[in-house]
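Trainee: For reference, the structure I am asking about is given below.
The values are calculated or read from the model by the stated rules, or taken from the named source; none is laboratory data. This is a predicted model, so every value here is computed, not measured. Positions of Cβ are generated from backbone atoms using ideal geometry, with glycine treated the same way; all protein chains shown enter the neighbour counts. These area figures cover heavy atoms from the full protein model, side chains too; ligands, DNA and RNA do not enter into them. Shrake-Rupley method; radii C 1.70, N 1.55, O 1.52, S 1.80 Å.
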Amino acid sequence: MMRSEEFPGRTLHVNGKEMLYFSGTSYLGLSVDKEYQELIKEGVDKYGVHFSGSRNGNVQYSLFEAAERHIADWLSTGDAVVTSSGFASGQLLIKVLQDMEWSMEYAPGCHPALWRNSDDATNGDFISWSTMIRVQLEGMLPRRMVLLCNSTDPLFCNPVSFDWLTDISTLHEILLVVDDSHGIGLTGENGEGVVSQLRKLPSHVQWVVTSSLGKAPGLAAGFIAGSHNLIKKIRQSPWFVGAAPSAPAFLHALLKGGEIRARQLQKLRKFQMPFGSHSLVKRHFNFQPVLPVFFSKSQPLYTYLLSRNIIISHFPYPKPTSSPISRIILHAALEPVDIGNLLEEIKTFYEDFQ
């Protein structure tokens, strides 16, 4: 484990060395973007550092409602509610859904934010799980089922598709819960995330999206977006009433920072696509075209790159006893020359050390 007193951007200083940084989930590089930081400072000046009170108090603040309208319009959903984090969003949603008493089925790798307890962790792959669900529902009496999953696989970069849900019989009521923390602000035509796929689903498959805003959008907040009825239930729940919301300054940046996020997304895509098209990357990494994340099939790559002053993501997950997962993560704080240097080192590693 390395320790640093400096927050990473394009580079990170560790033990007196400047190292190129290909890790973290600040995909758009907004955590170190000066213009974006100014928006947050502007929000602090206007709204203070924190909102100490309940969202259902007798005094209501228009900023929260404006942020929720913005998210609902962005994702083309009936309504949305903002929370203090993606984890808070997931747990709030699960508390409300448990009262519905529908059966719940968890996809492999579903983020712990959506778990009721540790028993909800499942192994396997998404394709096998989706096939199992489809087969399970064939010929069954009408069922009410909640399916919970991630929008993408940011760890091993295996494919995730929702097309199979079109084959589910209309006899069944399905609520699909999707954690889009690694997609929002990043995937879709304009960073709208997974909803461009979900809108194609048949009407008997309802869906709701929960997400952190702390990855691509770079903000300490989260949200749930779905139908008016479901969001109304969430707003009336004791878990929403009793929880503190996100700091208003972050929601101010959400509302005012759209052009900055769009600029950074275009910058990232300009070198993400060529990197993913490189023959070395195609041969030695798992990746999805929509994500700037590249799972390495060779753990020694981490040690080699570290010796060349390049840091990639490498840590055990989901438990401290799990095997380390090695990934190269591109982000918009990087420059094209950094991508070129990385490719040269990857080439050297596979030609001389494998």
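Trainee: Which one of these does V160 not meet: (1) part of a loop (DSSP other than H, G, I, E, B); (2) in contact with a Lys or Arg (Cβ under 9 Å, 6 or more places away or on another chain); (3) more than 19 Å from S76 (Cα to Cα)?
Mentor: With respect to (1) part of a loop (DSSP other than H, G, I, E, B); (2) in contact with a Lys or Arg (Cβ under 9 Å, 6 or more places away or on another chain); (3) more than 19 Å from S76 (Cα to Cα), V160 is out only on (2).
Here is a yes/no grid of residues against (1) under 30 Å from W164 (Cβ atoms); (2) of a type in the set (A, V, I, L, M, F, W, C); (3) open to solvent by 50 Å² or more (accessible area, probe 1.4 Å):
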site	(1), (2), (3)
E192	yes, no, no
Q206	yes, no, yes
F223	yes, yes, no
W239	no, yes, yes
S246	no, no, no
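Trainee: Every residue in segment 286-324 that is β-branched (V, I, T), farther than 23 Å from P159 by Cα and crowded, with 18+ Cβ neighbours inside 10 Å, please.
Mentor: Across segment 286-324, the qualifying residues are I310, I311.
Trainee: Check L165 against each of (1) under 24 Å from I325 (Cβ atoms); (2) buried (at least 20 other Cβ atoms within 10 Å of the Cβ); (3) not small (G, A, S) and name the one condition it does not meet.
Mentor: Here L165 meets the rest and fails (1).
Conditions tested, residue by residue: (1) more than 20 Å from the chain's Cα centre (by Cα); (2) over 16 Å from L255 (Cα atoms); (3) modelled with pLDDT of 95 or more.
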site: H50; (1), (2), (3): yes, yes, no
site: H70; (1), (2), (3): no, no, yes
site: A88; (1), (2), (3): no, yes, yes
site: D99; (1), (2), (3): yes, yes, no
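Trainee: Might you check whether a residue that is surrounded by fewer than 21 Cβ atoms within 10 Å (Cβ to Cβ) and without any contact (Cβ under 8 Å) to a residue 12 or more places away in the chain occurs anywhere in segment 249-262?
Mentor: yes
Okay, residues lined up against (1) within 13 Å of L213 (Cβ to Cβ); (2) in contact with a His (Cβ under 7 Å, 6 or more places away or on another chain); (3) aromatic (F, W, Y):
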residue: R235; (1), (2), (3): no, no, no
residue: V241; (1), (2), (3): no, no, no
residue: A247; (1), (2), (3): yes, yes, no
residue: F250; (1), (2), (3): yes, no, yes
residue: A253; (1), (2), (3): yes, no, no
residue: R261; (1), (2), (3): yes, no, no
residue: K267; (1), (2), (3): no, no, no
residue: P274; (1), (2), (3): no, no, no
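Trainee: Considering only segment 186-235, state which residues are part of a helix (DSSP H, G or I), among the polar types (S, T, N, Q) and more than 29 Å from I260 (Cα to Cα).
Mentor: N229
Trainee: Restricting segment 147-162 to residues that are touching a strand residue (DSSP E or B) at 6+ places or on another chain (Cβ under 8 Å) and surrounded by fewer than 21 Cβ atoms within 10 Å (Cβ to Cβ), which is nearest to L219 (Cα to Cα)?
Mentor: First, pick out the residues of segment 147-162 that are touching a strand residue (DSSP E or B) at 6+ places or on another chain (Cβ under 8 Å): 147-151, 154-158, 160, 162.
Next cut, surrounded by fewer than 21 Cβ atoms within 10 Å (Cβ to Cβ) only: 155-158, 162.
On the way: L155: 22, F156: 25, C157: 24, N158: 27, F162: 28 Å.
Within segment 147-162, the match that is nearest to L219 (Cα to Cα) is L155.
Trainee: I need the full set of residues from segment 1-32 which are closer than 24 Å to G185 by Cβ, assigned to a strand (DSSP E or B) and in contact (Cβ under 8 Å) with a residue 40 or more places away in the chain, in order please.
Mentor: L12, L20, Y21, F22, listed by residue number.
Trainee: Please report, ordered by residue number, the strands (runs of 3 or more DSSP E) entirely within segment 263-323 with at least 1 residues that are closer than 23 Å to S161 by Cα and in contact with a strand residue (DSSP E or B) (Cβ under 9 Å, 6 or more places away or on another chain).
Mentor: Fully inside segment 263-323 and qualifying: 285-287, 293-296.
Trainee: Only one of L63, L39, L75, L28 is touching a helix residue (DSSP H, G or I) at 6+ places or on another chain (Cβ under 6 Å) and within 30 Å of I325 (Cα to Cα); which?
Mentor: Among L63, L39, L75, L28, only L28 is touching a helix residue (DSSP H, G or I) at 6+ places or on another chain (Cβ under 6 Å) and within 30 Å of I325 (Cα to Cα).
Trainee: Now, a different point. Within the bounds of segment 176-183, is there any residue that is in contact (Cβ under 8 Å) with a residue 24 or more places away in the chain, of a type in the set (G, A, S), over 23 Å from A253 (Cβ atoms) and surrounded by 13 or more Cβ atoms within 10 Å (Cβ to Cβ)?
Mentor: no
Trainee: Same structure again: Give the residues of segment 325-354 that are open to solvent by less than 90 Å² (accessible area, probe 1.4 Å) and in a loop (DSSP other than H, G, I, E, B), sorted by residue number.
Mentor: Those that are open to solvent by less than 90 Å² (accessible area, probe 1.4 Å) and in a loop (DSSP other than H, G, I, E, B): L330, H331, A332, A333, L334, E335.
Trainee: How many residues, within segment 78-121, are under 21 Å from R55 (Cα atoms), of a type in the set (S, T, N, Q) and touching a helix residue (DSSP H, G or I) at 6+ places or on another chain (Cβ under 9 Å)?
Mentor: Total satisfying the criteria: 4.
Trainee: Which one of these does F7 not meet: (1) surrounded by 14 or more Cβ atoms within 10 Å (Cβ to Cβ); (2) within 28 Å of D180 (Cα to Cα)?
Mentor: Single failed check for F7: (1).
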